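Okay, so here's the structure we're looking at.
The values are calculated or read from the model by the stated rules, or taken from the named source; none is laboratory data. The structure displayed is predicted, hence computed values, not measured ones. Methodologically, a virtual Cβ is constructed for each residue, glycine included, from the backbone with ideal geometry; neighbour enumeration extends over all protein chains shown. What goes into the accessible areas is simple: the full protein's heavy atoms, side chains included, and nothing from ligands, DNA or RNA. Shrake-Rupley method; radii C 1.70, N 1.55, O 1.52, S 1.80 Å.
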Amino acid sequence: MRPLPVLAAAIAAALLTACTAATPPVKPVPAPDQVPQDCPLTVTFASYAMGIDRETHDAVERLLTGVPYDRHPWGREGEVTLCVHPRTAAEKDVLLGKIQSLFPSRPRGPLSVSTSEGRAFRAPAGE
């Protein structure tokens, strides 16, 4: 009679089942390219594995007060892309310039602003 090995096997099987059942499914991190293709003005806040440039992010969101935009979070450290919906082409041009002026030359993480027509600015330059 060997009850101990049978009991040990039953405990091991129960633990294995409990561990796999308790593990939540891993959700894939959405990529920044999941922002709608027709987004008029895109602002992206990326990270160098230490979080986004929160100060610049907050300044951009304050600037966008009253302007409709959608948030598209895609990272684990606050990475996010904003899809801004200016009311007119002129407002889009003004916002592009104002957002660009908020970008520091040495941000905490890569920043970009671009229009649906292809005009773009990145900080730091060359990123």
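Selection of the stretch 37-69 for residues being in contact with a Lys or Arg (Cβ under 6 Å, 6 or more places away or on another chain) and open to solvent by less than 20 Å² (accessible area, probe 1.4 Å) yields 41, 53.
Within the stretch 86-96, the set of residues being part of a helix (DSSP H, G or I) and within 13 Å of residue 64 (Cα to Cα) comprises 91, 92, 94, 95, 96. Remark: pairs (first residue in the stretch 109-122, assigned to a loop (DSSP other than H, G, I, E, B); second residue of a type in the set (D, E, K, R); Cβ separation under 6 Å; 6+ apart in sequence or on different chains) = 109/53; 110/127. Listed by first and then second residue, the pairs linking a residue in the stretch 39-64 that is without any contact (Cβ under 8 Å) to a residue 40 or more places away in the chain to a residue that is open to solvent by less than 50 Å² (accessible area, probe 1.4 Å) and β-branched (Val, Ile, Thr), with Cβ atoms under 7 Å apart and 6 or more places separating them unless they lie on different chains, are 63/99; 64/84.
Taken together, the criteria exclude residue 16 from residues that are open to solvent by less than 30 Å² (accessible area, probe 1.4 Å), aliphatic (A, V, I, L, M) and either modelled with pLDDT under 95 or touching a helix residue (DSSP H, G or I) at 6+ places or on another chain (Cβ under 9 Å) (or both).
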